[in-house]
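The values are calculated or read from the model by the stated rules, or taken from the named source; none is laboratory data. None of these values were measured; they are calculated from a predicted model. All Cβ positions, even for glycine, are placed from backbone atoms using ideal geometry, and neighbour counts span all protein chains on display. For accessibility, only protein heavy atoms count, side chains too; no ligands or nucleic acids. Shrake-Rupley method; radii C 1.70, N 1.55, O 1.52, S 1.80 Å.
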Amino acid sequence: MSRCYLCGTLLNESNRSVEHIIPNAIGGHLKSKNLLCKDCNSNTGQKIDAEISKQLNFFANMLNIERDRGKPQEFKVKDESTGEIYRCLPGGIPSRIKPEIIQDNNQIKMKAPNEKIAKQLLNQIKSQNPDLEIDQVISKSERSREYINNWCKFNVPIGGADAFKSIYKTALSFYIYSGGSSYYITNIKQIISDEIMIFNYVKPCYLGYEIVEKDSKEVLHSILIKGNKETGKLYCYIEYFNAFKYAVLLNNDYNGEDINQSYIFNVLNRQEILERDISQTWFYDINNIFNSLEWNQILFKDSLENLMKIISDKQHNNHLNILICEAWENTMNMMGLSEGDKITEEVYDVLIKNTIDSVMPYLVRFIQKK
């Protein structure tokens, strides 16, 4: 029988809970019912897991990751030139918050982010213009796409006690999930509750080489756990989104069974990677310098820039696909085509024109931004 490793309660069908070892909010998929009771899962989830999820939500949103539950949270960005605030939808898609209304002589021009808001505004205008036919106006309105031509600002805070507590909990959960025993982990509750002690057990970890090998287009969550009696140490190494790297000391006087386990998860295709080259020296390298580990701004910046390039390439390709699909749909509608109809030379000509009209404004802007 399993016990909750935080409070010691014997787990049963009425009090056990599903614990995501890496938080669901940032795309974690590995989970277990044999780690925490409902109360402890809820308490830690609402506070410490919520904090790491909030800090890394920008990257979950930009990559539009799939989750076991829900979509990545949207957030707000500010146009540095105009000061306008936009909602950033999953996939890094900006959406106007405030509609724009321009009165030009006897005409009213309006821009709204969606049809629902447009109807709400038209209902307000209708109070002064009773003859206004809202459905007719909506049906004749033009659907258009706008690009933001200025840089937008956002803040991504990283670190702090609660975030580090969540990282520690991930390490501990994976250790127990992999067959380890909480018997060998002392002061668990004190470490997870203390605002200062946690920094003695969780450290940013940038060693100057890739501990987990990855190709240029992969985004991974990785957890490595290793402990042995020879060194008397039990360490965990964690990477979130390739770029956020941490070492966790679980036991400084370890005398349990030797353990060496890993979990590598591709965030983009939602697949666990069962075979991957992992540095054979990571455990000993961390052991040699653990107490002196700290943020290495240069190595962190390099990791972050690599991640942002993957995000930029993914968004670029996704948007091109959307534009091309829209051009094809417009062509089918214009030519009265159905699936399976023969594609004539005339259709090809129309498709090429629609594709150019759809794609060129984006590509011109994309090249200018480069």
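When Lys and Arg each count +1 and Asp and Glu each count -1, what net charge do the other residues less than 12 Å away from Asn296, Cβ to Cβ, add up to?
My count for the surroundings of Asn296 gives +1.
For the range 26-61 and the range 135-186, compute the distance between their C-alpha centroids and round to whole Å.
Here the two parts' Cα centres lie 10 Å apart.
Viscosity 1.002 mPa s, temperature 20 °C: Stokes-Einstein D of the range 139-262 from its Kirkwood Cα radius, in µm² per second?
127 µm²/s
Among 132-140, 166-174, 237-245, 60-68, how do they line up from the highest to the lowest mean number of other beta-carbon atoms within 10 Å?
Top of the packing list down: 166-174, 237-245, 60-68, 132-140.
Return the whole-Å distance between the Cα centroid of the range 337-356 and the Cα centroid of the range 216-293.
53 Å
Can you give me the accessible area per residue for the chain, using a 1.4 Å probe, in Å²?
Values: 21160 Å² over 370 residues.
Here the residues of the chain average 57 Å² of exposed surface.
Seen from all sides and averaged, what is the projected area of the convex hull of the Cα atoms in the range 294-368, in nm²? Each step should come with its number before you reach the end.
Values: hull surface 28.5 nm².
That works out to 7.1 nm², a quarter of the Cα hull's surface.
Tell me, what are the semi-axes, in whole angstrom and largest first, of the equivalent ellipsoid of the range 206-325 as set by the roots of 5 times the Cα gyration tensor eigenvalues?
The answer is 33, 16, 9 Å, longest axis first.
Any chance you could list P(r) for the range 297-337, counting all Cα-Cα pairs in 5 angstrom bins from zero, rounded to whole %?
Once binned at 5 Å, the Cα pair distances of the range 297-337 give 5, 22, 13, 12, 12, 9, 9, 6, 5, 4, 2, 1.
At 1.306 mPa s and 10 °C, plugging the Kirkwood radius over alpha-carbon pairs of the range 331-370 into Stokes-Einstein gives what diffusion coefficient in µm²/s? Please report the intermediate quantities before stating the final value.
Working: Rh = 11.6 Å.
Result for D is 137 µm²/s.
Leaving out ligands, DNA and RNA, what percent of the accessible area of the chain is carbon and sulfur, probe 1.4 Å?
Carbon and sulfur: 48 percent of the exposed surface of the chain.
Divide, for the range 150-214, the radius of gyration over alpha carbons by 2.2 N^0.38 Å, where N is the residue count.
1.46
Mean shadow of the range 1-136, computed from the convex hull of its alpha carbons, in nm²?
13.1 nm²
Which three numbers, in whole Å and largest first, are the semi-axes of the equivalent ellipsoid of the range 254-327 derived from its Cα gyration tensor as √(5λ)?
On the way: eigenvalues 276, 77, 13 Å².
Each semi-axis is √(5λ); the values are 37, 20, 8 Å.
Output wanted: per-residue J couplings in Hz (rounded whole) for the range 213-224, from phi through Karplus 6.51 cos²θ - 1.76 cosθ + 1.60, θ = phi - 60°, x for Gly and Pro.
Working through the residues one at a time gives 5, 8, 8, 6, 10, 8, 10, 10, 9, 10, 9, 10 Hz.
Just need the Rg to Rh number for the range 51-98, please, alpha carbons only, Kirkwood Rh.
Values: Rg = 11.6 Å, Rh = 11.3 Å.
Looking at the range 51-98, the ratio lands at 1.02.
If you take all C-alpha pairs in the chain, what percent of them are over 38 Å apart?
Within the chain, distances greater than 38 Å cover 35 percent of Cα pairs.
Go through 217-230, 285-298 and give me the packing order, highest mean Cβ count within 10 Å leading.
The packing order, highest mean first, is 217-230, 285-298.
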